[in-house]
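To keep things clear, I will list the structure first and then write my remarks on it.
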Amino acid sequence: MRSQHIWTEKDSDGTKREVRATKFGGAWRFQSKSAQDLEWTYRDVPPLNDLLTLKEIIQRKYRRRRASAEDLASVEKLIRAYENNEQEPSNQPPLPFSKGED
């Protein structure tokens, strides 16, 4: 089942940025676009800030029964994997996600 979460934020310059995180087939896919961009940027490894924002969004939705515990656990797993690598996102291979692992 597909799960999609969308949010907007402004950077320090005041430029609006839209981020979409979609989970399909057990894998998260992130895409973002700023106001002046025409095309979406797809990321296998999103910035840590995007992962933390997604976690907050899913936690809020989970409290209202609009997100699953599995989605929350998978995002927490991605954050742990990201923090354990301690490299810049551009130098990392895509983070794997497989069902049933903790």
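Looking at the stretch 1-32 only, could you name the residues that are of a type in the set (S, T, N, Q), surrounded by 12 or more Cβ atoms within 10 Å (Cβ to Cβ) and assigned to a loop (DSSP other than H, G, I, E, B)? If you could, list the steps in order and put the result at the bottom.
Going through the stretch 1-32, the residues of a type in the set (S, T, N, Q) turn out to be 3-4, 8, 12, 15, 22, 31-32.
Among the residues that remain, those that are also surrounded by 12 or more Cβ atoms within 10 Å (Cβ to Cβ) are: 3, 15, 22, 31-32.
Passing the criteria: only Thr15.
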If I go through the stretch 52-68 residue by residue, how many of them are surrounded by 15 or more Cβ atoms within 10 Å (Cβ to Cβ) and not in a helix (DSSP H, G or I)? 2
Identity of the residue in the stretch 33-51, in contact with a helix residue (DSSP H, G or I) (Cβ under 7 Å, 6 or more places away or on another chain) and part of a helix (DSSP H, G or I), that ends up farthest from Leu78 (Cα to Cα): Leu48
Conditions: (1) within 17 Å of Gln4 (Cβ to Cβ); (2) modelled with pLDDT of 95 or more; (3) outside any helix (DSSP H, G or I). Val75 meets all but one. Number of the miss? (3)
Looking at the stretch 89-96, is at least one residue at pLDDT 95 or above, assigned to a helix (DSSP H, G or I) and surrounded by 12 or more Cβ atoms within 10 Å (Cβ to Cβ)? no
Filtered residues of the stretch 69-88 (kept if closer than 17 Å to Phe24 by Cβ and either more than 15 Å from the chain's Cα centre (by Cα) or among the acidic types (Asp, Glu) (or both)): Glu70, Asp71
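The values are calculated or read from the model by the stated rules, or taken from the named source; none is laboratory data. Everything quoted here is computed from the prediction, not taken from an experiment. Note that we place each Cβ from the backbone using ideal geometry, even for glycine, and neighbour counts take in every protein chain shown.
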